[in-house]
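Asks: First the structure, which I've put down as structure tokens, then a few questions once you've had a look.
The values are calculated or read from the model by the stated rules, or taken from the named source; none is laboratory data. Nothing here was measured: the structure is a model prediction, and the numbers come from that model. Cβ atoms come from the backbone with ideal geometry, glycine included; neighbour counts cover every protein chain shown. Please note that ligands, DNA and RNA were not included when accessible areas were found on the heavy atoms of the full protein model with its side chains. Shrake-Rupley method; radii C 1.70, N 1.55, O 1.52, S 1.80 Å.
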Amino acid sequence: MTEQAAHHRVGRPLDAEAAESRAAQAAVLADVLALRALSALAAGAPEADLPGLLHVEQSQVRAAVGRLRMVDILHIDGDGRPTLTAEAWVRFGRLLVGGTPALPAVADGPAMAALPAAIESVARDLSYRFSSTFGAETVSRYVADSYRLLSRRARVHSQLSSLTARYSADRLDALASARGLVLRGTPEVLFVCVQNAGRSQLAAAYLRHLAGSAVHVRTAGSEPAGEVDPRIIETLAEVGVPLTDEYPKPLTDEVVQAADYIITMSCGEACPVYPGRRYMDWDLADPLSLDDAGLRGVRDRVRELVEDLLDEMRVNPVAS
């Protein structure tokens, strides 16, 4: 294994601002009461019950919650309750509760009856498919949330119901994996870039092509585009690597929780870093900003990095 390959496995060092923020969070969590209060809230206890649960005064609870809010570990939700931020769930979830932490629930949206009939049908179909894992209410919430996320950036609305079905199923599958309800026995890899239309799709296509079913692959974007760029599909076709029926999708907590490897693509602070997983940052130019020769160069570099990743995971390629 080359020194250059090893270099791409250590991630980015924290900049001064990020280090200061995390040091402040660590300092607050070093306080036993603050940590216990956060653990109780993570387990679903109402704030009003904390004095009795923790055997402390209400004023002490308020002070602890205030400190947690000051460092962005807690925020106040729409119902006025202190709730862990999404980043705090990913960063500290395993510290707070026994076993795999429960994920924050998808926010309640409009009733399914307020959504198109085709989306209601998706919810019914997926409720049957996931009936041994999740209740119909959970499935319906995820379907409604997935529909809203996709509809904000969809260019072809005639495809929304089929994309919602696929996206919802993938999120529910990730949720089941994150909660330990499904045991895959294979590594889970998440590729993240800004638009989920170029670099992350190149990497995912190569990993699926080379590893087959030995690795489970997901992609997401922090600001996903409306579609995968056609140049990416064309440049992969040149080397016999398929990328069919793929689409950009928003990054959500459950796919992060399900991942063993999170690989970001030179997208700076727009791509979140989630400690607790195997994190890498692949320093790649945006291929869509390059000419055809430059795009091919990025494509070939992605293959090298994917081969190094397979080597680290001790997965033998099934394709040349």
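Asks: Residue 123 - would you say it is touching a Gly at 6+ places or on another chain (Cβ under 6 Å), over 30 Å from residue 282 (Cα atoms) and not β-branched (Val, Ile, Thr)?
Replies: So residue 123 fails the test.
Asks: Any chance region 234-241 includes a residue that's modelled with pLDDT under 90 and either open to solvent by less than 30 Å² (accessible area, probe 1.4 Å) or not in a helix (DSSP H, G or I) (or both)?
Replies: No: zero hits.
Asks: If residue 256 satisfies all but one of (1) modelled with pLDDT under 95; (2) open to solvent by 10 Å² or more (accessible area, probe 1.4 Å); (3) in a helix (DSSP H, G or I), what's the number of the condition it fails?
Replies: Residue 256 satisfies all of (1) modelled with pLDDT under 95; (2) open to solvent by 10 Å² or more (accessible area, probe 1.4 Å); (3) in a helix (DSSP H, G or I) except (2).
Asks: Since residue 226 meets every condition but one in (1) among the small types (Gly, Ala, Ser); (2) under 25 Å from residue 311 (Cα atoms); (3) in contact (Cβ under 8 Å) with a residue 12 or more places away in the chain; (4) surrounded by fewer than 21 Cβ atoms within 10 Å (Cβ to Cβ), which condition does it not meet?
Replies: With (1) among the small types (Gly, Ala, Ser); (2) under 25 Å from residue 311 (Cα atoms); (3) in contact (Cβ under 8 Å) with a residue 12 or more places away in the chain; (4) surrounded by fewer than 21 Cβ atoms within 10 Å (Cβ to Cβ) applied to residue 226, the lone miss is (2).
Residue-by-condition table, conditions (1) of a type in the set (Asp, Glu); (2) open to solvent by 60 Å² or more (accessible area, probe 1.4 Å); (3) modelled with pLDDT of 85 or more; (4) in a helix (DSSP H, G or I):
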site: 1; (1), (2), (3), (4): no, yes, no, no
site: 4; (1), (2), (3), (4): no, yes, no, yes
site: 13; (1), (2), (3), (4): no, yes, no, no
site: 22; (1), (2), (3), (4): no, yes, no, yes
site: 25; (1), (2), (3), (4): no, no, yes, yes
site: 37; (1), (2), (3), (4): no, no, yes, yes
site: 52; (1), (2), (3), (4): no, no, yes, yes
site: 59; (1), (2), (3), (4): no, yes, yes, yes
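Asks: Can you find even one residue in region 84-107 that is at pLDDT 85 or above, in contact with a strand residue (DSSP E or B) (Cβ under 7 Å, 6 or more places away or on another chain) and of a type outside the set (Asp, Glu)?
Replies: no
Asks: It is to be established whether one or more residues within region 156-179 are more than 25 Å from residue 125 (Cα to Cα) and either open to solvent by 30 Å² or more (accessible area, probe 1.4 Å) or in contact with a helix residue (DSSP H, G or I) (Cβ under 8 Å, 6 or more places away or on another chain) (or both).
Replies: No.
Asks: Of these, 72, 77, 145, which one is charged (D, E, K, R), open to solvent by less than 40 Å² (accessible area, probe 1.4 Å), modelled with pLDDT of 65 or more and over 24 Å from residue 248 (Cα atoms)?
Replies: None of the other options fit; the residue is 77.
Asks: Within region 172-225, take every residue that is small (Gly, Ala, Ser), over 13 Å from the mean Cα position of the chain (by Cα) and outside any helix (DSSP H, G or I) and give me the one that is farthest from residue 279 (Cα to Cα).
Replies: 225
Asks: Provide a single number: the residues in region 274-320 that are at pLDDT 90 or above, of a type in the set (Lys, Arg) and either in contact with a Leu (Cβ under 7 Å, 6 or more places away or on another chain) or outside any helix (DSSP H, G or I) (or both).
Replies: Number of matching residues: 3.
Results for (1) closer than 15 Å to residue 83 by Cα; (2) out of contact with any helix residue (DSSP H, G or I) (no Cβ under 6 Å at 6 or more places or on another chain), shown as yes or no for each residue.
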position: 29; (1), (2): no, no
position: 33; (1), (2): no, no
position: 42; (1), (2): yes, no
position: 56; (1), (2): no, yes
position: 61; (1), (2): yes, no
position: 64; (1), (2): yes, no
